[in-house]
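Participant: One structure, pasted below without further comment.
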Amino acid sequence: MRDLRLLNNRYGDDRVFDGCSIFGVMDTSGGLIGADVPIRAIDLMRDRDNGLGGGFAAYGLYPEHEDSYAFHIMYSSRAGQRETEEYLGEWFTIAEAEPMDVDPSALPNTPAMYRYFASPKANELRGGDTEQYVSDRTMKINTSIGDSFVFSSGKNMGVFKGVGHPFDVARFFRLEQYSGYIWTAHGRFPTNTPGWWGGAHPFGLLDWTVVHNGEISSYGINQRFLEQYGYQCSLQTDTEVITYAVDLLVRRHGLPIEVAAKALAPPFWSDMDQLCADEREMVTALRLTYGGLLLNGPFTIIIARKGEMVGLTDRIRLRPLVVGTQGNKVLLSSEESAMRLVCPDLDETWIPVGGEPVVARLGQVPTGGETWEGAEVFAGAH
Amino acid sequence: MKSYLPSVYVVERDPNRCIQCKVCVNQCTFDANYFDEEEGVVKSHEENCVDCHRCVAFCPTNALTVRRNPLEYRTNANWRAEVIEDILKQAETGGMLLTGMGSDKPYPIYFDHLLLNASQVTNPSIDPLREPMELSTYLGRKPERVEFDASGRVKTPFAPQIKIETPIMFSAMSYGAVSLRVQQSLAQAAMELGTLWNTGEGGLHPSLAKYASNTIVQVATGRFGVHSEYLRAPQIIEIKIGQGAKPGIGGHLPGEKVTDDVSRTRMIPMGTDALSPAPHHDIYSIEDLRQLIYAIKEATGYTKPVSVKIAAVHNTAAIASGMVRAGADIIVIDGLRGATGAAPKAIRDNVGIPIELALASVDTRLRQEGIRNQASIVASGGIRSSGDVAKAIALGADAVNIGTAALIALGCHVCQQCHTGKCAWGICTSDPVLTKRINPELGAERLVNLVRGWSLEVKDILGGMGVNAIESLRGNRLHLRGVDLTDTEMDILGVRMAGS
């Protein structure tokens with residue numbers, strides 16, 4: 001009999017959805033933050049999860065391997081591990097492979113967790129796009145090799161997640177040994193599945209991670225839209241769809257995240273009159289082209305990648321998000337109490353407008369009520 | 001020849017109510033009601049009655065009702081009344097049986113086997129009375145991605161896009177098939193609603209030129225009324241290949257309907273039959289279609305989307321893919337239940353496939369080929385309600401066309417006599433006396449009311465699902481579930497069984 005915690009979507013629902021707590025913290029000066037900060041913050045919001053999923057993502061995790069792709073991979077059978085390792089060996093040069101340092105007593109029925117530092121084989125890459133190469137291979141493992149799931153595949157970052165309260169997931173991974181300049185955290189309240197290790201958040205692809213609270217009612221069309229661009233939504237989770245959407249818009253189509261946010265949560269047509277002509281043109285072009293990616297229904301997400309952490313809610317803010325700043329630190333949270341617990345002396349807190357992204361970057365702290373200029377954003381991206 | 005055909009309907013006149021006012025006589029265009037001068041009473045030639053309810057609606061004392069003739073043939077599942085009577089009609093007249101409207105045969109109506117979703121607990125439904133609910137739709141070819149220059153300006157060239165405020169448009173109905181007053185009603189309503197009406201293949205009457213910004217003009221096989229100004233005027237130019245009521249068949253507007261005004265609008269001599277050939281005689285292949293599409297684009301300086309309308313037939317998905325690759329910016333698919341002013345009954349009732357299956361397979365195919373963004377899809381032929389609109393959009397349509405429903409709003413009672421030119425409601429006729437039965441101002445008001453009502457209902461449906469933009473329903477088949485369908489049907493529709 002299979003352990004249901006190791007299976008995704010056992011009832012074959014349209015998709016897996018859940019309510020949640022989310023938290024993110026970034027030191028925009030690049031200073032490292034200990035794991036106790038996200039652990040304490042997410043644990044305070046325990047009544048927003050139900051013990052069926054928790055996880056963390058950290059950036060700046062492996063400075064000694066910063067040029068290698070760090071794979072965090074879960075195995076639920078030896079056969080799956082053998083097959084995946086064979087596959088990895090075929091396409092990557094593995095600098096280091098090791099079982100992760102875990103405490104199996106923290107959680108019941110835990111899978112095997114392995115970490116690999118790997119680089120694409122030059123003769124296989126043949127001058128192609130490295131990130132696409134890694135992304136394709138990651139998708140391949142997740143969709144066609146059984147009993148294996150890649151939690152994260154980016155450089156100098158990693159995802160730690162599982163079925164349990166976030167506090168216990170942190171105990172399992174002995175998270176206190178790590179520190180990073182960005183941490184995101186998630187506590188999960190799934191409503192239609194007993195919870196699956198791979199389905200916990202953060203969801204990662206390359207160095208993108210997403211934590212998400214909400215239910216994307218547009219999932220059906222988002223998924224079909226992404227299929228046209230080669231993304232297979234194998235997990236049937238909203239978070240997977242969001243991650244691929246961001247990957248498509250930002251990595252493949254080269255849009256700054258602020259602009260991508262206007263595709264995911266566009267202004268209402270009725271508010272277009274309040275925009276300047278250039279922005280109206282931009283927003284219209286995005287909506288006409290990426291209408292199938294509009295994320296509709298309640299959501300708050302924290303998207304992170306190297307040097308960047310972004311908070312975004314749906315257009316009418318049906319799920320909570322609070323922002324706090326203190327010096328160089330930026331905090332995003334479902335509830336303000338969690339930020340106050342780990343950072344009692346916040347300089348500023350605010351609730352962002354629905355659909356307006358809050359962007360923290362190395363060297364850039366957002367302020368309440370700020371707007372952005374198209375030209376500035378693009379100048380930064382080019 | 002003595003006719004063996006029995007009356008299909010019985011006109012019942014309550015003698016206690018009838019005041020012999022002769023309204024029923026004056027309203028009836030089929031000579032079913034008459035005044036017996038000798039007896040001084042109103043009577044009926046019931047064999048002429050078509051059950052159009054015109055007399056019933058106008059009888060001031062509610063004295064009239066029309067029933068199906070209770071006369072029974074000997075019970076026979078094979079040789080039913082309609083079958084017997086069709087044979088009798090042909091034996092007595094020779095030739096093809098003509099009819100109007102869309103097929104009335106009980107083919108499956110898949111819309112009635114699809115159910116929509118709503119939010120409960122895990123996500124909130126959205127109240128359209130409190131929150132914006134967006135139905136605005138842009139028709140036209142979309143790029144695969146958007147690129148911006150360093151100053152944030154859109155660099156990607158966009159094909160022309162036409163915005164409609166609600167995803168409901170009016171189907172093509174030509175001047176000649178319907179009266180000018182009907183077209184005026186449609187055009188006026190389209191303008192008030194921010195949507196589009198369609199000239200059909202009968203040309204654009206000069207008095208309707210002022211509605212250009214809400215007009216689609218058709219270029220059909222007869223090329224009636226096509227001239228440079230006709231192509232310059234509208235928002236969209238539609239190449240009509242076929243229609244759901246009569247796939248593969250041309251059209252025939254009899255000479256008696258080609259009045260002075262119709263002849264000038266169609267650019268043909270007065271009193272001559274207006275024959276639309278079955279095919280375009282310059283389109284015998286997909287590459288020929290491409291040439292016509294680009295000829296029109298060249299003629300209009302690439303400023304207008306070019307739409308191509310086809311009837312839903314067996315290979316619609318493959319044909320649609322070819323049309324998109326041939327340069328169509330919009331494809332219109334007209335299903336089996338789509339209506340017509342006149343068609344051979346044998347064609348209307350036996351050729352084509354239901355719109356739901358055609359639409360689902362076209363949307364799926366275009367997505368499989370990665371070209372769904374290159375054309376908008378408009379579905380028509382059997383859209384009866386806001387529920388059908390929502391289901392068509394969930395199956396993959398960008399918008400729908402309504403024809404029969406629009407005519408019903410104007411008074412049509414679906415008696416299927418469009419081909420006779422005697423429409424008692426003054427809709428499908430060019431008789432100058434009968435056409436006065438439509439007042440374009442009131443007609444427009446009725447149409448606006450209908451489409452506004454449906455749009456509000458679609459907003460309620462969207463809100464109930466927890467989404468606030470029509471894009472989030474379009475092609476979102478997870479919001480549909482099937483009931484009473486086979487696995488194959490659900491597979492083609494791309495939906496799952498209710499409860500799963």
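Participant: Of the numbered conditions (1) of a type in the set (S, T, N, Q); (2) more than 30 Å from B:Pro354 (Cα to Cα); (3) out of contact with any helix residue (DSSP H, G or I) (no Cβ under 7 Å at 6 or more places or on another chain), B:Asn78 fails exactly one; give the number of that condition.
Facilitator: The single condition B:Asn78 does not satisfy is (2).
Participant: Could we say that B:Ser213 is within 16 Å of the chain's Cα centre (by Cα) and closer than 26 Å to B:Val262 by Cβ here?
Facilitator: When the stated conditions are applied, B:Ser213 does not pass them.
Participant: Let me ask something else. Among the residues of segment B:281-295, write down those that are aliphatic (A, V, I, L, M) and without any contact (Cβ under 8 Å) to a residue 24 or more places away in the chain.
Facilitator: B:Ala295
Participant: Of the conditions (1) within 14 Å of chain B (Cβ to nearest Cβ); (2) closer than 21 Å to A:Arg305 by Cβ, A:Arg224 fails just one. Which one is it?
Facilitator: A:Arg224 satisfies all of (1) within 14 Å of chain B (Cβ to nearest Cβ); (2) closer than 21 Å to A:Arg305 by Cβ except (2).
Participant: On the given criteria, is B:Arg325 charged (D, E, K, R), buried (at least 24 other Cβ atoms within 10 Å of the Cβ) and either under 24 Å from B:Thr404 (Cα atoms) or away from chain A (no Cβ under 14 Å) (or both)?
Facilitator: Against the criterion (charged (D, E, K, R), buried (at least 24 other Cβ atoms within 10 Å of the Cβ) and either under 24 Å from B:Thr404 (Cα atoms) or away from chain A (no Cβ under 14 Å) (or both)), B:Arg325 does not qualify.
Participant: Follow-up. Could you list all residues from segment B:1-28 that are under 21 Å from B:Asn62 (Cβ atoms), touching a helix residue (DSSP H, G or I) at 6+ places or on another chain (Cβ under 9 Å) and not in a strand (DSSP E or B)?
Facilitator: Listed by number, the residues that qualify are B:Cys18, B:Val23, B:Cys24, B:Val25, B:Asn26, B:Gln27, B:Cys28.
Participant: Mind listing whichever residues of segment B:255-293 are in contact with a Gly (Cβ under 8 Å, 6 or more places away or on another chain) and hydroxyl-bearing (Ser, Thr, Tyr)?
Facilitator: Listed by number, the residues that qualify are B:Ser263, B:Thr265, B:Thr272, B:Ser276.
Participant: For a quick check of your reading of the model, give me the residue pairs whose first member lies in segment B:145-172 and is at the interface with another protein chain (Cβ under 10 Å from one of its Cβ atoms) and assigned to a strand (DSSP E or B), whose second is of a type in the set (Asp, Glu) and crowded, with 22+ Cβ neighbours inside 10 Å, with beta-carbon atoms closer than 9 Å and at least 6 apart or on different chains.
Facilitator: Sorted first by the residue in segment B:145-172, then by its partner, the list stays empty.
Participant: Still on this structure: Quick one: how many residues across segment A:312-339 are assigned to a loop (DSSP other than H, G, I, E, B), of a type outside the set (A, V, I, L, M, F, W, C) and more than 14 Å from chain B (Cβ to nearest Cβ)?
Facilitator: Qualifying residue count for the region: 4.
Participant: Across segment A:234-249, what is the number of residues that are more than 12 Å from A:Leu295 (Cα to Cα) and touching a residue at least 40 places away in the same chain (Cβ under 8 Å)?
Facilitator: 7
Participant: If you go through segment B:41-55, how many residues are within 26 Å of the chain's Cα centre (by Cα) and among the β-branched types (Val, Ile, Thr)?
Facilitator: Looking only at that region, the number is 1.
Participant: Follow-up question, since we're still on this one. Do the conditions hold for A:Leu295, that is, is it surrounded by 21 or more Cβ atoms within 10 Å (Cβ to Cβ), of a type in the set (A, V, I, L, M, F, W, C), outside any helix (DSSP H, G or I) and within 9 Å of chain B (Cβ to nearest Cβ)?
Facilitator: Yes; evaluated as a whole, the condition is true for this residue.
Participant: Sticking with this one: Quick test of your reading of the structure: A:Val169 fulfils all but one of (1) β-branched (Val, Ile, Thr); (2) within 30 Å of A:Arg40 (Cβ to Cβ); (3) touching a Leu at 6+ places or on another chain (Cβ under 8 Å); (4) at pLDDT below 95. Name the failing condition by number.
Facilitator: Result: A:Val169 passes all but (4).
Participant: Being touching a helix residue (DSSP H, G or I) at 6+ places or on another chain (Cβ under 7 Å), polar (S, T, N, Q) and within 14 Å of another protein chain (Cβ to nearest Cβ) is true for just one of B:Ser119, B:Ser103. Which residue is that?
Facilitator: B:Ser119
Participant: Same structure again: If you scan segment B:66-85, which residues turn out to be surrounded by 14 or more Cβ atoms within 10 Å (Cβ to Cβ) and in contact (Cβ under 8 Å) with a residue 12 or more places away in the chain?
Facilitator: Correct list: B:Val66, B:Asn69, B:Glu85.
Participant: Here are some conditions: (1) within 30 Å of A:Ser270 (Cβ to Cβ); (2) touching a residue at least 60 places away in the same chain (Cβ under 8 Å). B:Ser472 meets all but one. Which one does it not meet?
Facilitator: (2)
Participant: Do we have any residue at all in segment B:445-457 that's buried (at least 23 other Cβ atoms within 10 Å of the Cβ), more than 30 Å from A:Thr284 (Cβ to Cβ) and touching a strand residue (DSSP E or B) at 6+ places or on another chain (Cβ under 8 Å)?
Facilitator: no
Participant: Continuing with this model, one more query. Can you say whether B:Pro157 is more than 30 Å from B:Pro440 (Cβ to Cβ) and outside the structural domain of B:Glu238 (by TED's automatic domain parsing), as far as the supplied structure shows?
Facilitator: It is false that B:Pro157 is more than 30 Å from B:Pro440 (Cβ to Cβ) and outside the structural domain of B:Glu238 (by TED's automatic domain parsing).
Participant: Just checking, which of A:Arg115, A:Arg126, A:Arg48 is over 26 Å from A:Leu249 (Cβ atoms), under 22 Å from the mean Cα position of the chain (by Cα) and at pLDDT below 95?
Facilitator: It is A:Arg48.
Participant: Kindly state which helices (runs of 4 or more DSSP H) lie completely within segment B:180-294 and contain at least 3 residues that are surrounded by 19 or more Cβ atoms within 10 Å (Cβ to Cβ).
Facilitator: Result: B:180-193, B:260-266.
Participant: Could you list, in sequence order, the residues of segment B:231-280 that are free of Cβ contacts under 8 Å to residues at least 40 places away in the same chain and closer than 23 Å to B:Val308 by Cβ?
Facilitator: B:Ala233, B:Gly250 - these are the residues of segment B:231-280 that are free of Cβ contacts under 8 Å to residues at least 40 places away in the same chain and closer than 23 Å to B:Val308 by Cβ.
Participant: Now for a different question. Just to check your reading of the model, which residue among B:Ile408, B:Ile393 is without any contact (Cβ under 8 Å) to a residue 40 or more places away in the chain and aliphatic (A, V, I, L, M)?
Facilitator: That would be B:Ile408, the only listed residue that is without any contact (Cβ under 8 Å) to a residue 40 or more places away in the chain and aliphatic (A, V, I, L, M).
Participant: May I pose another question? Could you run through segment B:121-144 and say how many residues are within 16 Å of A:Gly292 (Cβ to Cβ) and either of a type outside the set (Lys, Arg) or surrounded by fewer than 16 Cβ atoms within 10 Å (Cβ to Cβ) (or both)?
Facilitator: Within segment B:121-144, residues that are within 16 Å of A:Gly292 (Cβ to Cβ) and either of a type outside the set (Lys, Arg) or surrounded by fewer than 16 Cβ atoms within 10 Å (Cβ to Cβ) (or both) number 8.
Participant: Are any residues in segment B:298-335 among the small types (Gly, Ala, Ser) and part of a strand (DSSP E or B), and if so, which ones?
Facilitator: Answer for segment B:298-335, where residues must be among the small types (Gly, Ala, Ser) and part of a strand (DSSP E or B): B:Ser307, B:Ala311.
The values are calculated or read from the model by the stated rules, or taken from the named source; none is laboratory data. Given the structure is predicted, the values throughout are model-derived calculations rather than measurements. Here the Cβ is made from the backbone with ideal geometry for all residues, glycine too, and neighbour counts use every protein chain on show.
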